[in-house]
Amino acid sequence: MNVEHPHSQSGRSRVLIEEITPQVDHGRFAAKRVVGDRVVVRARVFADGHDAIHAMLRYRHLADEQWSETELDSVGNDWWQATFQVQKIGRYEFTIDAWIDRFATWQRDLHKRVDAGHDVTVDLLSGAEIIEEHLPVVDSSHQQPLKEYVSLLRESNHRPTQIQAALSEDLAKRMRAHSDRRFSSRYPTALPIEVDRIQGRFSTWYEFFPRSASSQPGQHGTLADCRERLPYVAEMGFDILYLPPIHPIGRSFRKGKNNAVKALPDDVGSPWAIGAAEGGHKAIHPQLGTIEDFRELLSAARDLGIEIAMDIAFQCAPDHPYVAAHPDWFRQRPDGSIQYAENPPKKYQDIYPFDFESPDWQALWDELKSVLLFWANEGVRVFRVDNPHTKSFAFWEWAIAEVKKEYADAIFLAEAFTRPAVMSRLAKLGFSQSYTYFTWRNTKPELTEYLTELTQGAAREFFRPNLWPNTPDILNEFLQFGGRSGLMSRYVLAATLSAACGIYGPTFELGVVTPREPGSEEYLDSEKYQLQHWHIDAPESLRHFIARVNRIRRENPSLHDNSSLRFHPVDNEQLICYSKQTEDGGNVIVTVVNLDPHHVQSGWVDLPLSCLGVDSTQPYQMHDLLSEERYLWHGSRNFVQLNPHTAPASIFCLRKRVRSESQFEYFL
């Protein structure tokens, strides 16, 4: 009885391929890039013995039938590397083929024997055999030159010519171009790369409540008022305007001012209590306007280079149409009532969460997907998702993929201030960007450790941090006591540490930092529950400072990515220093921030000049893009001093010394 050997199909494939990067959970999820990125692929590629190896990177966009290929280069210690560029939005995949290169092994060893003065007669004949065996995999139009090499190597009286031909680059090039892959090994998984447009990684967000956009105190704002506010947002340099929910607001159990359990007759309620007789998630609050007003807002925003981000809060007010039409989409309590949302001790009686374990879950999924597609069809391509961690993981993976089938340029921001594993999972499932713990990281060790983890650890492949100093739900203690300089320093940190950042305004630029009560992170008189009138032209506004920081972000490509973020030593714990640079080193930004909002702080910064592309023997210029002051620095160690009351931070553009053809020296 003949029994097939367990390795009968792969026993002659001797090369192993391991530790491929980038990959997320062995290819279960996609690594993330944006259009134009160069994807650097690294892997351990090795085999038994000492034979030479040929390794090929294969990649394609899923819309393409054909694979593209490029060779991997050995970079030492069995590590191999190659790059490919992603040029369009959507899903790419890549893998690696590798095989023993008999010809390269022979040519390498022949070179050694020739150098050692050995007789290579038999070696030349062996080479002729290898080439001849290789001919069947070579296209007929390219066979003749190789046949001529075979004939030459088998001659017996032209040894120098034979050796020269055998070791020639021409022969090596021809053999590499038509490799014999009969016994190649292929990495068993095609690893995915999800490619977004640049805004998926680099974007600057501004949030305000449409109902507080009126120019008249006490008057409910409209989408037309929002349209009038757009130039203000554009002048500050924001490219995404995020609006809290614009849908009808429930009346049952409506919350009053400062989250009071009982609302007064004129209280407007929370926009996150979605749904009333006027409609639900596909409707617009009547006091805000109509769908036509919304379309005009989208159009006006596009004209100013701004995208409107839609808030997606999959929850319902008690009087949402879904509650009556689909009561089984919600969890029933023993007394027959529907379970409202809770985060003990907090109670949200005005909100009913969906039950993702409902027997009718498939219809629920389809309806929620239709909400996303409804707004995408209206022209929305950016979605800020409220509390996604309280909904089914499986739903998000499916829903985001479904939306991207029709709208590949859609961007999803996960508002999930929750456990690290949950935040990571949401990012893996398809969320383009994620809220972070930055809001509560205030000291140098906290910031250094956390941002290093996000940008240099395993999460860098799938988790894109979006840093917000404040939100309508979070007024951090540092902002409450940091004053104007605290607001400025936190925005510089957010804007330069991450390629994506945002603020909730106008509270931020106007310095509204009064908590509801001591020890609370809730705003006093929060506009989550009431109308506000903002004096956006107030002279104390930080709008011009924010505009300057955002212009610096926009004009310096090193700030459009997080992969190059590195922290540098400063001999003062109240000063933090870090840099970012473009891949070619042409744009280097060094940021120094005073973390003490009340006192002048100074110290010595130590920069790794060789890593920043600076000749340590030459002076270099540090151009502070915030103050426009310029400093001539020498060597790696230099002195900085920051007064929080005038300039709590410096954003330096490092300009290197160059000499023109006329021998005139300048800094570039």
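The values are calculated or read from the model by the stated rules, or taken from the named source; none is laboratory data. This structure is a prediction, so every number in the text was calculated from the model and none was measured. Note that we place each Cβ from the backbone using ideal geometry, even for glycine, and neighbour counts take in every protein chain shown. Areas reflect the complete protein model, heavy atoms only, side chains present, ligands, DNA and RNA absent. Shrake-Rupley method; radii C 1.70, N 1.55, O 1.52, S 1.80 Å.
Count, please, the residues in the range 272-298 that happen to be among the small types (Gly, Ala, Ser) and not in a loop (DSSP other than H, G, I, E, B).
So the count comes out to 2.
Scan 328, 335 and give me the residue that is farther than 14 Å from residue 246 by Cβ, without any contact (Cβ under 8 Å) to a residue 60 or more places away in the chain and not in a loop (DSSP other than H, G, I, E, B).
328
Without any contact (Cβ under 8 Å) to a residue 24 or more places away in the chain, open to solvent by 20 Å² or more (accessible area, probe 1.4 Å), among the hydrophobic types (A, V, I, L, M, F, W, C) and outside any loop (DSSP other than H, G, I, E, B): is that true of residue 363 in this structure?
Here the answer is no, as residue 363 does not meet what is asked.
Sort out which residues of the range 583-639 are over 25 Å from residue 469 (Cβ atoms), outside any strand (DSSP E or B) and open to solvent by 60 Å² or more (accessible area, probe 1.4 Å), and write them in order of number.
The answer is 583, 584, 586, 610, 611, 615, 616, 617, 618, 629, 634.
Give the range 212-230 a look and list any residue that's open to solvent by 30 Å² or more (accessible area, probe 1.4 Å), in contact with a Leu (Cβ under 7 Å, 6 or more places away or on another chain) and assigned to a helix (DSSP H, G or I), or say none.
Of everything in the range 212-230, just one residue is open to solvent by 30 Å² or more (accessible area, probe 1.4 Å), in contact with a Leu (Cβ under 7 Å, 6 or more places away or on another chain) and assigned to a helix (DSSP H, G or I), namely 227.
Quick one: residue 389 ticks every box in (1) part of a strand (DSSP E or B); (2) of a type outside the set (Val, Ile, Thr); (3) more than 24 Å from residue 34 (Cβ to Cβ) bar one, so which box is it?
So the condition that residue 389 fails would be (1).
Does residue 122 satisfy being open to solvent by 30 Å² or more (accessible area, probe 1.4 Å), in a helix (DSSP H, G or I), β-branched (Val, Ile, Thr) and touching a residue at least 40 places away in the same chain (Cβ under 8 Å)?
no
Let me spell it out: the conditions are (1) more than 16 Å from residue 273 (Cα to Cα); (2) open to solvent by less than 70 Å² (accessible area, probe 1.4 Å); (3) of a type in the set (S, T, N, Q), and residue 315 meets all of them except one. Which number is the exception?
It fails just one condition, (1).
For the range 561-568, check the following and say yes or no: at least one residue is in contact with a Pro (Cβ under 8 Å, 6 or more places away or on another chain) and within 30 Å of residue 232 (Cα to Cα).
Yes, the range 561-568 has at least one match.
Of all residues in the range 239-266 being open to solvent by 10 Å² or more (accessible area, probe 1.4 Å) and among the charged types (D, E, K, R), which is nearest to residue 515 (Cα to Cα)?
257
Are any residues in the range 342-357 touching a Lys or Arg at 6+ places or on another chain (Cβ under 9 Å), surrounded by 17 or more Cβ atoms within 10 Å (Cβ to Cβ) and either free of Cβ contacts under 8 Å to residues at least 60 places away in the same chain or not charged (D, E, K, R) (or both), and if so, which ones?
348, 352, 353, 354, 355, 356
Across the range 11-30, which residue is farthest from residue 87 (Cα to Cα) among those that are in a strand (DSSP E or B) and open to solvent by less than 60 Å² (accessible area, probe 1.4 Å)?
Looking at the filtered set, the residue picked out is 15.
Taking only pairs six or more apart or across chains, which ones have beta-carbon atoms under 9 Å, a first residue in the range 251-271 that is at positive phi and in a loop (DSSP other than H, G, I, E, B), and a second residue that is at pLDDT 95 or above and among the hydrophobic types (A, V, I, L, M, F, W, C)?
Matching pairs, first to second residue: 253/263; 253/273; 253/317; 253/351; 269/249; 269/263; 269/317.
Give me the pairs: first residue in the range 94-115 and free of Cβ contacts under 8 Å to residues at least 40 places away in the same chain and within 30 Å of residue 67 (Cα to Cα), second residue open to solvent by less than 40 Å² (accessible area, probe 1.4 Å) and among the small types (Gly, Ala, Ser), beta-carbon distance under 9 Å, and six or more apart or on different chains, which are they?
Between residues of the range 94-115 that are free of Cβ contacts under 8 Å to residues at least 40 places away in the same chain and within 30 Å of residue 67 (Cα to Cα) and residues that are open to solvent by less than 40 Å² (accessible area, probe 1.4 Å) and among the small types (Gly, Ala, Ser), the close pairs are 106/52; 106/127; 106/166.
Would you be able to tell me the number of residues in the range 160-196 that are touching a residue at least 24 places away in the same chain (Cβ under 8 Å) and more than 48 Å from the chain's Cα centre (by Cα)?
Total meeting the criteria: 3.
Just one of the numbered conditions (1) closer than 30 Å to residue 544 by Cα; (2) open to solvent by 10 Å² or more (accessible area, probe 1.4 Å) is not true of residue 236; which one?
Failed condition: (2).
So how many residues does the range 403-423 have that are under 16 Å from residue 311 (Cβ atoms) and either of a type in the set (D, E, K, R) or in a loop (DSSP other than H, G, I, E, B) (or both)?
4
I'm trying to understand the selection: among the residues of the range 463-485, which are part of a loop (DSSP other than H, G, I, E, B) and either open to solvent by 20 Å² or more (accessible area, probe 1.4 Å) or out of contact with any strand residue (DSSP E or B) (no Cβ under 8 Å at 6 or more places or on another chain) (or both)?
464, 473, 476
Just need a number here: residues in the range 316-342 that are over 21 Å from residue 249 (Cα atoms) and within 34 Å of the chain's Cα centre (by Cα).
0
List every residue pair whose Cβ atoms lie under 8 Å apart, where the two residues are 6 or more positions apart in sequence or sit on different chains, the first residue falls within the range 26-43 and is more than 25 Å from residue 582 (Cβ to Cβ), and the second residue, located anywhere, is assigned to a helix (DSSP H, G or I).
28/428; 29/428; 29/429
Which one of 210, 192, 231 is at pLDDT 95 or above, touching a strand residue (DSSP E or B) at 6+ places or on another chain (Cβ under 8 Å) and closer than 23 Å to residue 503 by Cα?
210
For a quick check of your reading of the model, give me the residue pairs whose first member lies in the range 51-79 and is closer than 30 Å to residue 406 by Cα and in contact (Cβ under 8 Å) with a residue 24 or more places away in the chain, whose second is surrounded by fewer than 15 Cβ atoms within 10 Å (Cβ to Cβ) and small (Gly, Ala, Ser), with beta-carbon atoms closer than 7 Å and at least 6 apart or on different chains.
59/68; 60/68
Quick one: residue 559 ticks every box in (1) part of a loop (DSSP other than H, G, I, E, B); (2) under 20 Å from residue 647 (Cβ atoms); (3) touching a Lys or Arg at 6+ places or on another chain (Cβ under 6 Å) bar one, so which box is it?
Going through the list (1) part of a loop (DSSP other than H, G, I, E, B); (2) under 20 Å from residue 647 (Cβ atoms); (3) touching a Lys or Arg at 6+ places or on another chain (Cβ under 6 Å), residue 559 breaks only (1).
Which members of the range 640-662 meet the condition of being open to solvent by 20 Å² or more (accessible area, probe 1.4 Å), assigned to a strand (DSSP E or B) and either modelled with pLDDT under 95 or of a type in the set (Gly, Ala, Ser) (or both)?
Residues satisfying the conditions are 657, 658, 659.
So in the range 500-540, with the set limited to residues that are of a type in the set (Asp, Glu) and touching a Lys or Arg at 6+ places or on another chain (Cβ under 9 Å), which one is most open to solvent (accessible area, probe 1.4 Å)?
537
Determine whether residue 93 is of a type in the set (Asp, Glu) and over 16 Å from residue 27 (Cα atoms).
no
Hey, among the residues in the range 31-86 that are open to solvent by 70 Å² or more (accessible area, probe 1.4 Å) and among the hydrophobic types (A, V, I, L, M, F, W, C), which one's farthest from the chain's Cα centre (by Cα)?
This residue is 75.
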